[in-house]
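Just below is one structure, and these are the notes that go with it.
The values are calculated or read from the model by the stated rules, or taken from the named source; none is laboratory data. Please read all numbers here as calculations on a predicted model, not as lab measurements. Positions of Cβ are backbone-derived with ideal geometry, glycine not excepted, and every protein chain shown enters the neighbour counts.
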Amino acid sequence: MKKTIFLLACILTFNNIVSYAQERYLLENTNVRFFSDGIVEDIEATNKETRGIIDASKSEFLFKIPIKAFKFSSALMEEHFNENYLESDKFPDGTFKGKIEGKYDLKADGEYSVNAVGELFIHGIKQIRTIPSTIRVKNGKASIESKFTIKVADHKIKIPTVVIKSVAEEVEVTVKADLKKQEK
């Protein structure tokens with residue numbers, strides 16, 4: 001009985017040490033923007049509902065992007081995007097999960113160039129990506145920003161021939177978010 005109580009106390013102590021060692025930050029004030037430079041017209045949308053978490057103690061992250069949360073200047077563009085291109089009823093979320101490579105300190109003011117390396121999952125297709133990112137810490141407040149391109153063919157997003165000249169083969173994506181330390 002004493003051994004069981006001692007073992008249980010050790011496990012609880014270990015779990016508390018591990019949970020305090022984790023430094024988790026939640027994304028807030030997110031802005032994911034994509035831009036397609038088409039021959040006939042430009043297509044642009046923003047998403048402010050992206051959620052995510054960064055575990056700084058392990059340099060791991062997970063972002064979840066609800067596809068239907070992208071807002072366009074035209075309701076028709078939004079409808080085509082969700083129904084014809086991204087098939088958001090079938091594939092409601094995009095995700096990006098992986099590791100942060102490079103040195104950074106979310107507690108020390110500075111600008112840190114890092115790479116987010118992981119699996120980008122869009123339209124049912126996973127692609128391993130390395131995305132250059134910048135982490136900024138100023139007055140104790142951290143934020144993250146990145147800009148990269150996605151080839152629509154890499155995620156088997158089909159563009160109907162009728163509008164092939166309107167939609168570029170590559171889409172520019174910009175991600176900006178503040179980081180807030182997760183409370184225990």
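Being of a type outside the set (Lys, Arg) and in contact (Cβ under 8 Å) with a residue 60 or more places away in the chain narrows it down to one residue among Ala142, Ala116, Ala108; which is it?
Of Ala142, Ala116, Ala108, the one residue that is of a type outside the set (Lys, Arg) and in contact (Cβ under 8 Å) with a residue 60 or more places away in the chain is Ala142.
Residues are listed down the side, and each one gets a yes or a no for (1) farther than 21 Å from Thr46 by Cα; (2) part of a strand (DSSP E or B):
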site: Leu62; (1), (2): no, yes
site: Ile65; (1), (2): no, yes
site: Phe91; (1), (2): no, no
site: Thr95; (1), (2): no, yes
site: Asp105; (1), (2): yes, no
site: Thr130; (1), (2): yes, yes
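Taking Val40 and the conditions (1) surrounded by fewer than 14 Cβ atoms within 10 Å (Cβ to Cβ); (2) in a loop (DSSP other than H, G, I, E, B); (3) modelled with pLDDT of 95 or more, which numbered condition does it fall short on, given that it satisfies the others?
Result: Val40 fails condition (3) only.
Sort through Ile67, Ile135, Ile122 and tell me the only one that's crowded, with 18+ Cβ neighbours inside 10 Å, free of Cβ contacts under 8 Å to residues at least 60 places away in the same chain and in contact with a Pro (Cβ under 9 Å, 6 or more places away or on another chain). It would help to see each step written out before you state the result.
Values: Ile135 fails: in contact with a Pro (Cβ under 9 Å, 6 or more places away or on another chain); Ile122 fails: in contact with a Pro (Cβ under 9 Å, 6 or more places away or on another chain).
Matching residue, one of Ile67, Ile135, Ile122: Ile67.
Of the conditions (1) part of a loop (DSSP other than H, G, I, E, B); (2) at pLDDT below 95, Glu49 satisfies every one except a single condition; which number is it?
(2)
Looking at Val114 and the list (1) of a type outside the set (Gly, Ala, Ser); (2) out of contact with any Gly (no Cβ under 6 Å at 6 or more places or on another chain); (3) modelled with pLDDT of 95 or more, which single condition is not satisfied?
Exception for Val114: condition (2).
Quick one: which residue in Lys158, Lys165, Lys151, Lys126 is of a type outside the set (A, V, I, L, M, F, W, C) and modelled with pLDDT of 95 or more?
Lys126
Does Ala177 count as in contact with a strand residue (DSSP E or B) (Cβ under 8 Å, 6 or more places away or on another chain), part of a loop (DSSP other than H, G, I, E, B) and either surrounded by 12 or more Cβ atoms within 10 Å (Cβ to Cβ) or modelled with pLDDT of 95 or more (or both)?
no
Looking at the range 107-116, which of its residues are surrounded by fewer than 17 Cβ atoms within 10 Å (Cβ to Cβ) and part of a strand (DSSP E or B)?
Gly110, Glu111, Ser113, Asn115 - these are the residues of the range 107-116 that are surrounded by fewer than 17 Cβ atoms within 10 Å (Cβ to Cβ) and part of a strand (DSSP E or B).
Would the range 69-79 turn up any residue that is at pLDDT 95 or above, under 19 Å from the mean Cα position of the chain (by Cα) and not in a helix (DSSP H, G or I)?
Yes, because at least one residue in the range 69-79 is at pLDDT 95 or above, under 19 Å from the mean Cα position of the chain (by Cα) and not in a helix (DSSP H, G or I).
Checking Thr30 against (1) touching a residue at least 24 places away in the same chain (Cβ under 8 Å); (2) polar (S, T, N, Q); (3) exposed (fewer than 15 other Cβ atoms within 10 Å of the Cβ), which test does it fail?
(3)
Among the residues of the range 27-53, which ones are more than 12 Å from Ile67 (Cα to Cα) and among the aliphatic types (A, V, I, L, M)?
Leu27, Ile39, Val40, Ile43, Ile53
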